[in-house]
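Q: First the structure, then my questions, so here it is.
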Amino acid sequence: MPHSLTVRNKSVNVKMKLEFHPVTKERWPDFESLFESKGSPHNCWCTAWRYVEKKGAKPGKNEKKTSIKTSISNNIPIGIMAYSNNEPIAWCSIAPRETYRSLGGEVSKKNVWSLVCFFIKRAFRNNGISKLLLTEAIKYAKENGAEFIEAYPVEPDSPSYRFMGFIHTFEKANFKFIKKAGARRNVMLLELN
């Protein structure tokens with residue numbers, strides 16, 4: 001079910017209504033369009049932490065795209081998109097933790113969904129959309145039976161992994177710090193009631 005919110009787009013100073021939808025087979029063309037847009041993560045296809053079948057030592061762009069499309073075709077949850085005027089403008093990767101490679105999280109917890117990535121088209125950035133995506137991602141995971149959500153954000157000055165979000169955003173959403181995962185990422189956990 002779509003969720004509608006209104007935010008002010010500072011770059012054009014107009015209000016826009018956002019709708020959020022899970023990525024499904026029917027929405028593949030929208031997902032493909034978003035990931036092939038200028039400035040998008042089209043080189044990784046949000047597979048940095050996902051399992052990808054590869055022919056060589058390292059999967060290529062087409063293998064990554066095929067892998068994520070196969071997951072979608074097999075009804076494996078991969079995340080949600082935000083739309084403005086029926087155009088996909090943003091993405092949040094959230095899915096059952098077992099659909100990802102090891103992220104260094106809290107392995108004692110069961111029924112955990114992992115939130116690993118945000119992407120917002122440049123024209124729509126700095127409008128609070130990442131916070132809205134986070135709120136909607138939490139709802140989506142909860143509606144699909146998640147008991148916990150694990151995230152792996154970094155400090156705002158981190159030179160890498162910035163696509164995973166920033167600690168303060170997750171703290172405001174009541175995620176609790178659990179431990180470090182590598183030098184930059186922080187494992188944070190939200191228990192859903």
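The values are calculated or read from the model by the stated rules, or taken from the named source; none is laboratory data. Just so you know, these numbers come straight off a predicted model, no measurement behind them. Cβ sites come from the backbone with ideal geometry, for glycine too, and all protein chains shown count toward neighbours.
Q: Does the stretch 149-160 contain any residue that is under 23 Å from Ala82 (Cα atoms), of a type in the set (Asp, Glu), surrounded by 17 or more Cβ atoms within 10 Å (Cβ to Cβ) and touching a Cys at 6+ places or on another chain (Cβ under 8 Å)?
A: For the stretch 149-160, residues under 23 Å from Ala82 (Cα atoms), of a type in the set (Asp, Glu), surrounded by 17 or more Cβ atoms within 10 Å (Cβ to Cβ) and touching a Cys at 6+ places or on another chain (Cβ under 8 Å): absent.
Q: Quick check on the stretch 34-55: of everything there that is among the small types (Gly, Ala, Ser) and surrounded by 13 or more Cβ atoms within 10 Å (Cβ to Cβ), which residue is farthest from the chain's Cα centre (by Cα)?
A: Step one: list which residues in the stretch 34-55 are among the small types (Gly, Ala, Ser), which gives 37, 39-40, 48.
Filter once more, keeping what is surrounded by 13 or more Cβ atoms within 10 Å (Cβ to Cβ): 37, 40, 48.
Working: Ser37: 17, Ser40: 13, Ala48: 12 Å.
Result: Ser37.
Q: Here are Ile76, Ile72: which of them is over 19 Å from Lys38 (Cα atoms), at pLDDT 90 or above, part of a loop (DSSP other than H, G, I, E, B) and not charged (D, E, K, R)?
A: Values: Ile72 fails: part of a loop (DSSP other than H, G, I, E, B).
Step by step, each of Ile76, Ile72 is checked, and only Ile76 is over 19 Å from Lys38 (Cα atoms), at pLDDT 90 or above, part of a loop (DSSP other than H, G, I, E, B) and not charged (D, E, K, R).
Q: I'd like the full set of residues that are aliphatic (A, V, I, L, M), in a loop (DSSP other than H, G, I, E, B) and either modelled with pLDDT of 80 or more or under 19 Å from Thr99 (Cα atoms) (or both), limited to the stretch 40-69.
A: If we filter the stretch 40-69 for residues that are aliphatic (A, V, I, L, M), which is where we start, we get 48, 52, 57, 68.
Restricting the remaining residues to those that are in a loop (DSSP other than H, G, I, E, B) gives 48, 52, 57.
Passing the criteria: Ala48, Val52.
Q: Looking at Ser33, Ser37, which is the one that is modelled with pLDDT of 85 or more, in a loop (DSSP other than H, G, I, E, B) and closer than 11 Å to Pro88 by Cβ?
A: Values: Ser33 fails: in a loop (DSSP other than H, G, I, E, B).
After applying the criteria, what remains is Ser37.
Q: Within the stretch 161-193, how many residues are modelled with pLDDT of 95 or more, crowded, with 20+ Cβ neighbours inside 10 Å and among the aromatic types (Phe, Trp, Tyr)?
A: 2
Q: Go through the stretch 97-134 residue by residue and tally those that are at pLDDT 90 or above, of a type in the set (S, T, N, Q) and either exposed (fewer than 14 other Cβ atoms within 10 Å of the Cβ) or over 27 Å from Leu18 (Cβ atoms) (or both).
A: 3
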